[in-house]
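As structure tokens, the structure follows; a few thoughts come after it.
Since every read-out is calculated from the coordinates, none of them should be taken as a lab result. Just so it is clear, the structure is predicted and the values come from calculations on it, not from any experiment. Positions of Cβ are generated from backbone atoms using ideal geometry, with glycine treated the same way; all protein chains shown enter the neighbour counts.
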Amino acid sequence: MIGDLTEVQLQVQRTFADFSDREVAPAAIEHDAEGRFPRELFRKVGELGFFGMRYPESLGGSQADTLALCLAAEELARGWLSLAASSMMQAIMGTWFVYRSGSAELHERLLVPAIRGEKLGTICMTEPDAGSDLKSIATRAERDGDGYRLTGKKTWITNAPIADFFTVFARTPGGLSAFVVDAGTPGLTVGRPIAKMGMRSSPTSEVFFEGARVPASRRVGEEGQGVEFLGEILPPIRTVTAALAVGVARAAFAAARRYAADRKQFGKAIGEFQAIKLKLADMATEIFASTQVMRAAARLADEGASSAGTAAMSKSFASESALRVCEDAARVLASYGYSTDYPVERYLRDVRFTLIGGGTPEMLKLAIAKELGC
Ligand SMILES: Cc1cc2nc3c(=O)[nH]c(=O)nc-3n(C[C@H](O)[C@H](O)[C@H](O)COP(=O)(O)OP(=O)(O)OC[C@H]3O[C@@H](n4cnc5c(N)ncnc54)[C@H](O)[C@@H]3O)c2cc1C
């Protein structure tokens with residue numbers, strides 16, 4: 001069985017499920033067609049507490065556990081992955097290092113409003129020549145008096161076109177380091193949004209640094225702590241991405257099941273044909289299994305017993321499984337699975353993000369094998 005949820009976890013799940021059904025899913029179609037970021041809904045995600053779930057009450061958060069965060073993310077993704085993914089980046093990656101190692105001034109000025117959904121934070125790791133191989137990040141942060149000057153190019157940065165602040169990984173003499181840079185800093189420019197196959201309302205851009213100057217107080221953590229930071233942030237983002245994948249898979253299954261009951265061919269509902277029943281059974285099994293793996297990884301994190309391997313397993317398994325479920329849903333709908341009048345084509349386009357973001361399946365499997373000593 002899936003296992004018991006606590007009263008708090010059930011409450012979180014109900015709150016986000018209700019929001020997702022009432023406001024998120026209905027907004028998805030129009031926004032996605034126009035590639036428009038849903039600013040108002042994003043703010044509401046903040047009002048519901050999603051961005052503060054990892055942070056203490058003193059900063060406006062709720063210090064919820066990982067499983068509760070996953071349940072909320074799953075429900076948001078069931079409604080619309082663009083909103084869920086942009087929200088996840090804010091709740092986890094875009095704000096974590098400001099919280100973890102930022103000054104009281106950064107907490108007050110950036111983190112607290114970000115938790116409310118009033119400011120937007122991003123994380124800039126990926127570069128044109130540093131995707132899976134983040135240790136080869138080439139962006140430089142050179143000492144300049146009592147500060148640093150950043151030079152380099154980042155790419156695939158979620159929420160960059162609308163961001164208020166950027167956590168940037170750059171090379172310093174002491175190794176890889178992290179800096180928090182305000183939007184509008186001279187020398188920082190954001191490129192045009194990248195035209196994407198899916199998640200069209202979650203804006204993604206290149207970010208250019210041409211001698212952008214930041215005071216030393218904007219370095220979060222020590223010089224050279226960047227590699228440790230990457231190792232710290234990747235496991236949680238992977239388990240929450242697994243939850244996003246489960247959410248999209250559930251939406252695809254629900255759409256396929258509805259369609260199978262409604263659509264008639266050869267004088268009966270197609271859901272009465274064994275071929276369709278088998279697909280629905282396979283999809284339900286995939287969702288059951290990926291839910292188990294995702295929740296197990298989240299629970300291990302909450303018990304302080306998780307590892308890079310268990311987090312990698314959750315994302316690798318759930319994202320591949322969700323892709324199969326979305327593909328099967330499209331087959332059940334046949335021509336209507338190819339039509340923008342139904343959401344299934346969007347699920348199939350969007351879900352591919354869960355394979356890539358936070359590490360490709362190949363890199364995750366290598367991480368699992370490494371932990372096994374293989
Ligand atoms: C929608 C979207 C949003 C994103 N948001 C952000 C963001 O906000 N911030 C950010 O920093 N990044 C972000 N990313 C970037 C993402 O994390 C990277 O795209 C991802 O890590 C993979 O890097 P890459 O695309 O350069 O692929 P590459 O590293 O070039 O990989 C290409 C292929 O080679 C394989 N490969 C590479 N190395 C090995 C190896 N050693 N062994 C076996 N196979 C290997 C990969 O698995 C893959 O199949 C985002 C990406 C997307 C698509």
Next item on the list: Compute the acute angle (0 to 90°) between the alpha-carbon long axis of helix 226-262 and the principal axis of greatest extent of the alpha-carbon atoms of the chain; round to the nearest 10°.
Entry: 20
Notebook entry, point to check: At each listed q (0.17 Å⁻¹), what is the log10 of I(q)/I(0) that the Debye formula gives for the stretch 228-374 modelled as equal alpha-carbon point scatterers?
Noted result: -0.86
Item checked: Rounded FRET efficiency, nearest 0.05, which uses the C-beta distance separating GLN265 from THR185 and R0 of 41 Å -> 0.10
Note to self: Between MET199, MET88, MET363, where does the largest GNM mean-square fluctuation fall for the chain, given springs only between Cα atoms within less than 10 Å?
What the structure shows: MET363
Next item on the list: Just subtract the alpha-carbon distance of GLN11 and GLU272 from 0.36 nm times their residue separation and send over the number in nm, one decimal.
Entry: 90.3 nm
Check: Around LYS135, with a cut-off of 13 angstrom between Cβ atoms, what is the net charge of the other residues, counting Lys and Arg +1 and Asp and Glu -1?
Finding: -3
Notebook entry, point to check: Please identify the trypsin sites (Lys or Arg not before Pro) of the stretch 1-36 that satisfy two criteria: DSSP loop assignment and at most 14 other Cβ atoms within 10 Å. Which are they?
Noted result: ARG36
Next item on the list: Per DSSP H run of n ≥ 4, the term is -39500 (n - 2.57); total these for the chain, divide by its residue number, and report the mean residue ellipticity at 222 nm rounded to 500 deg cm²/dmol.
Entry: -16000 deg cm²/dmol
Next item on the list: For the stretch 121-226, just say rounded, prolate or oblate: build the C-alpha gyration tensor, square-root its eigenvalues into a ≥ b ≥ c, call rounded for a/c under 1.5, and beyond that prolate if a/b exceeds b/c, oblate if not.
Entry: prolate
Checklist line | Nitroxide proxy distance, nm - points 7 Å out along Cα→Cβ at SER58 and GLU222 | finding: 2.4
Notebook entry, point to check: Using modelled amide H (1.01 Å from N, peptide plane; none on Pro or chain starts), what sits under 5 Å from the amide H of CYS124, excluding residues fewer than 5 places away?
Noted result: THR167, VAL168, PHE169
Check: Gain in length, GLU34 to ARG140, computed as 0.36 nm per residue apart minus the alpha-carbon separation, to one decimal in nm?
Finding: 34.5 nm
Margin query: Taking loop as defined by DSSP and a crowding limit of 13 other beta carbons within 10 Å, which chymotrypsin sites (Phe, Trp or Tyr not before Pro) in the stretch 238-326 fit?
Written below: PHE266
Next item on the list: Identify all aspartates and glutamates with a Cα-Cα distance to LYS264 below 16 Å; exclude those on the same chain that are fewer than 8 residues away in sequence.
Entry: GLU272
Check: In a shell of Cβ-Cβ distance under 13 Å around THR95, excluding THR95 itself, what net charge do Lys and Arg (+1) and Asp and Glu (-1) give?
Finding: +3
Next item on the list: Select from GLY175, ALA130, PRO186 the residue farthest towards the positive end of the dipole of the stretch 121-226; place +1 on Cβ of Lys and Arg, -1 on Cβ of Asp and Glu, and compute about the Cα centre.
Entry: ALA130
Check: Taking the Cα centre of the chain as origin and charging only Cβ (+1 Lys, Arg; -1 Asp, Glu), how large is the dipole, in debye to the nearest 20?
Finding: 760
Checklist line | Full-stretch length increase - THR340, ALA281 - with 0.36 nm per residue and alpha-carbon distance subtracted | finding: 18.7 nm
Notebook entry, point to check: Label ALA195 and SER103 with points 7 Å out from Cα along Cα→Cβ: what is the distance between them in nm?
Noted result: 4.4
Next item on the list: Name the shape class, rounded, prolate or oblate, that the alpha-carbon gyration tensor gives for the stretch 1-60, where a ≥ b ≥ c are the square roots of its eigenvalues, rounded holds for a/c under 1.5, and otherwise prolate holds if a/b is larger than b/c and oblate otherwise.
Entry: oblate
Notebook entry, point to check: Can you give the percent of C-alpha pairs in the stretch 325-374 whose distance is more than 15 Å?
Noted result: 56
Next item on the list: For the chain, build the charge dipole from Cβ charges (+1 Lys, Arg; -1 Asp, Glu) around the Cα centre, then report which of SER339, PHE51, LEU323 sits farthest towards its positive end.
Entry: SER339
Notebook entry, point to check: Using r as the Cβ-Cβ distance of ASP302 and ASP18, and R0 as 22 Å, what FRET efficiency do you calculate, to the nearest 0.05?
Noted result: 0.35
Item checked: Charge sum, other residues only, whose C-beta stays under 13 Å from GLY117's C-beta, Lys/Arg counted +1 and Asp/Glu -1 -> +1
Margin query: What does the C-alpha gyration tensor say about the overall shape of the stretch 36-87? Classify as rounded when a/c is under 1.5, otherwise prolate if a/b is larger than b/c, or oblate.
Written below: oblate
Checklist line | Note, ³J(HN,Hα) from phi for the stretch 58-69, Karplus 6.51, -1.76, 1.60, rounded to Hz, x at Gly and Pro | finding: 4, 9, x, x, 10, 6, 6, 7, 4, 5, 4, 4
Next item on the list: Evaluate the chain: find the radius of gyration of its Cα atoms, find its Kirkwood radius, and give the ratio Rg to Rh.
Entry: 0.99
